[in-house]
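The values are calculated or read from the model by the stated rules, or taken from the named source; none is laboratory data. Just so it is clear, the structure is predicted and the values come from calculations on it, not from any experiment. No Cβ is skipped: glycine too gets one built from the backbone with ideal geometry, and neighbour counts run over all protein chains shown.
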Amino acid sequence: MKRIGPLFPPAGHPRPATDTDLAPGNRTLRSYALQLARIEAALTRMDAGQYGRCTQCNAPIPIHQLEADPALSACSNCEEPADQVI
Ligand SMILES: [Zn+2]
């Protein structure tokens, strides 16, 4: 009879992601979640016709900044909080 391995990977091996991976202590998945939220917010601004404008002062965001970060929501004068820049 063939032996079946353990149901859970041994310590030190990767495991499937779970909801607890989104806890504040998990920086990688947290940064992915933040980036996804920024992209979804940018898509919402596109639908509303506000994409490319600063959400704080309504000034146009220079194209070279949008090319570097298409999800940018604020101009360089207003800037986003540091924890949202990835
Ligand atoms: Zn601004």
For region 32-79, give me the residue count where each residue is outside any loop (DSSP other than H, G, I, E, B) and more than 9 Å from the ligand (Cβ to nearest atom). 23
Among the residues of region 14-27, are any more than 14 Å from the ligand (Cβ to nearest atom), surrounded by 13 or more Cβ atoms within 10 Å (Cβ to Cβ), among the charged types (D, E, K, R) and modelled with pLDDT under 95? yes
Pairs returned, first residue in region 55-78 that is free of Cβ contacts under 8 Å to residues at least 60 places away in the same chain, second residue that is among the small types (Gly, Ala, Ser) and more than 14 Å from the ligand (Cβ to nearest atom), beta-carbon separation under 6 angstrom, 6 or more apart or interchain, are Ala71/Ala42
